[in-house]
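The values are calculated or read from the model by the stated rules, or taken from the named source; none is laboratory data. Owing to the predicted nature of the structure, the values given are computational and were not obtained by experimental measurement. All Cβ positions, glycine included, derive from the backbone under ideal geometry; neighbour counts span all protein chains shown.
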Amino acid sequence: MILQGKIWLFGDNIDTDAIIAARYLSTTEPGELAAHLMEDIKPDFPGLVQEGDIIVAGNNFGCGSSREHAPLAIKGAGVSCVIARSFARIFYRNSINIGLPILECKEDFSGLKSGEDQLKINLELGKIIHLQSGREYNAAPFPHFMQELISRGGLVEHVKARLASQ
Amino acid sequence: MNNNFGMTMVEKILAAKAGKDKAVPGELVNVEVDLALGNDITAPVAIKEFKRFGLDRVFDSEKIVLVPDHFTPNKDIAAAEQALVLRRFAKEYGIKHYFEVGRMGIEHALLPEQGLVRPGMVIIGADSHTCTYGALGAFATGVGSTDLAAAMAIGEAWFKVPPTIRFEYNGQIPEWVSGKDLILLTIGKIGVEGARYRAMEFAGSAIDSLPMDGRLTMANMAIEAGGKCGYMQPDQITFDYLEGRVDRAYTSVYSDANASYESIHTFDVNNLEPQIAFPPSPDKVFPVSDAKGIELDQVVIGSCTNGRIDDLRAAASVIRGKKVKEGLRLLIIPATQHIYRQAIDEGLMADFIDAEAAVSTPTCGPCLGGHMGILAKGEKALATTNRNFVGRMGHPESEVYLSNPAVAAASAVAGSIVHPEEVLS
């Protein structure tokens, strides 16, 4: 899968309360959640983020609570992929389970212009290209089991296949 | 089993539940789930996903626990609708362990209290603080709603076997210092991702003598260091706690003497001061003497971290016969109905009410900025809860400090952060 979009840079330890504050958890609708994405740390973000945009963050993205509303809000906002130096584990598995593309990449994106620069991503190969400079970045490929989960469309489809085979 | 190959408690539990002789860190395993938990925030998403399977039954109606505890008693119409989703699902699918308001408690205080947690179990919960149950020698970890949906359907979950870090606490825990202080000290030392994807094994002479409530507090906050789980190996304190609660046999699992640990951290607790986590991160930890004088608008004593009977006893022993500082709100939230009743029987509630504290029915409420104690712009709170992220308890420009219950009670009397000895002397 090839993804292309404008980037938004975030720092380290972006917690799930920052991604979607608990006061908005009385809905499970991705669209409603998206209206408050990152609101407490970047109040104008819901109005700025556009379909296909890419979130680029530092270490431990998605730490804190287990709320699946966090990746749902990101997906609901049309974000096509989250790239981070590392992910908190529950956020990581939630993203895979709901089919939100994520990539772990240790390279330094800090020089890029947030809200302006564009990246092109080849998910299968873990290749990331900065369109303005042509520079290439490499992300860690997914383990085989997770690639299978993703290619099936997430955990629900995986379980459906399991149930059908019984 | 090969004697040359030592395993940790978590590796053994995961191996056993995956039907294997051994499990090594990094390996992906599919394991049987003994208990799967959801609450009024996470279960509605799980139920929505579960319905996509088109099943008319869950894998085992006795192995699913549903607790409406976050936005309950229903804080508004939307919360009421979400709680209704749980209630209807529980009825439709015959879920045995559904706990209605009036019988419920904060999930991670409730499940151990109700005897639903036993050593050697694999427990997943769509709540990050599910790691609490490691204090009873179970492998317990937080997952998301879709994981819960899958487990409700097939009774299995996939895991990467985590490497284990061992934390040894040696010495005698000083007065007014508790499990909360040991775990804050630990998170302060290793950072919020210091145990990311790792199991945290808590051991040492200070743990050997730490009561169960303090152990539950420690395991509860493993997630604040990024941990997959945190655990103590079962001992007499565990067995005494389980006595009369669990209705079936269990097998305790122990780390081998030659188990491999990714690293080992040791702490001398003999001179440890109570610890405070400063906003906006649970790893910004300093001794209470460095926080002295920080003025407060609200103090919250409760949550899945510190709302148990030992916590209320510690708070009451400080506040008894004193008054909450004028202009400050003190909220006391016993974590379960049973703890609430016990606190009444022991006279602790009289101590709190006489001190002019507000006492609430069990709820997660203010801990996550849901309801029952939201902060206004610029307000500062000290809480016995587990997170102090930006906006965690209300307005994005409010601030939360974290402490143990005795420090919280003392600070409510003083109006600013103090060591309990300062209000008792």
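Determine the pairs where a residue that is more than 10 Å from A:ASN97 (Cβ to Cβ), located within the range A:140-161, has a partner that is of a type in the set (Asp, Glu) and surrounded by 14 or more Cβ atoms within 10 Å (Cβ to Cβ) with Cβ atoms under 6 Å apart, the partner being 6 or more residues away or on another chain.
The qualifying pairs are A:ALA140/A:GLU104.
Condition first: out of contact with any Gly (no Cβ under 7 Å at 6 or more places or on another chain), part of a strand (DSSP E or B) and either modelled with pLDDT of 95 or more or crowded, with 23+ Cβ neighbours inside 10 Å (or both). Can you find one or more residues in the range B:175-186 that meet it?
There is no residue in the range B:175-186 that is out of contact with any Gly (no Cβ under 7 Å at 6 or more places or on another chain), part of a strand (DSSP E or B) and either modelled with pLDDT of 95 or more or crowded, with 23+ Cβ neighbours inside 10 Å (or both).
Within the range B:46-61, which residues are of a type outside the set (Phe, Trp, Tyr) and either surrounded by 18 or more Cβ atoms within 10 Å (Cβ to Cβ) or under 15 Å from B:GLY125 (Cα atoms) (or both)?
B:ALA46, B:ILE47, B:GLU49, B:VAL58
What number of residues within the range B:357-376 are more than 12 Å from chain A (Cβ to nearest Cβ) and part of a loop (DSSP other than H, G, I, E, B)?
8
Given the conditions (1) more than 14 Å from every other protein chain (Cβ to nearest Cβ); (2) within 28 Å of B:GLY194 (Cβ to Cβ); (3) over 12 Å from the mean Cα position of the chain (by Cα); (4) among the aliphatic types (A, V, I, L, M), report the number of the one that A:ILE90 does not fulfil.
A:ILE90 satisfies every listed condition except (1).
Of the residues that make up the range B:204-211, is at least one touching a residue at least 24 places away in the same chain (Cβ under 8 Å) and within 18 Å of A:ASP12 (Cβ to Cβ)?
No: the range B:204-211 contains no residue that is touching a residue at least 24 places away in the same chain (Cβ under 8 Å) and within 18 Å of A:ASP12 (Cβ to Cβ).
Could you tell me which residue of the range A:127-150 is surrounded by the most Cβ atoms within 10 Å (Cβ to Cβ), considering only residues that are assigned to a loop (DSSP other than H, G, I, E, B) and out of contact with any strand residue (DSSP E or B) (no Cβ under 6 Å at 6 or more places or on another chain)?
Going through the qualifying residues, I end up with A:PHE142.
Being more than 14 Å from every other protein chain (Cβ to nearest Cβ), farther than 23 Å from B:PHE99 by Cβ and modelled with pLDDT of 95 or more: is that true of B:ASP345 here?
So B:ASP345 fails the test.
For residues that are touching a helix residue (DSSP H, G or I) at 6+ places or on another chain (Cβ under 8 Å) and free of Cβ contacts under 8 Å to residues at least 40 places away in the same chain, scanning just the range B:12-45, find the one that is surrounded by the most Cβ atoms within 10 Å (Cβ to Cβ).
Looking at the filtered set, the residue picked out is B:LYS22.
Restricting to the range B:389-424, name every residue that is within 14 Å of chain A (Cβ to nearest Cβ), assigned to a loop (DSSP other than H, G, I, E, B), surrounded by fewer than 24 Cβ atoms within 10 Å (Cβ to Cβ) and in contact (Cβ under 8 Å) with a residue 40 or more places away in the chain.
B:VAL390
For the range A:1-66, give me every one of the helices (runs of 4 or more DSSP H) that falls completely inside it and has 1 or more residues that are within 8 Å of chain B (Cβ to nearest Cβ) and either over 15 Å from the mean Cα position of the chain (by Cα) or more than 22 Å from B:ALA79 (Cα to Cα) (or both).
A:16-19
Restricting the first residue to the range A:120-137 and requiring it to be under 15 Å from A:ILE7 (Cβ atoms) and touching a residue at least 12 places away in the same chain (Cβ under 8 Å), which pairs with a second residue that is of a type in the set (Lys, Arg) and surrounded by 13 or more Cβ atoms within 10 Å (Cβ to Cβ) meet a Cβ separation below 8 Å and a spacing of at least six or different chains?
These pairs meet every condition: A:ILE121/A:LYS127; A:ILE128/A:LYS120; A:LEU131/A:LYS120; A:TYR137/A:LYS127.
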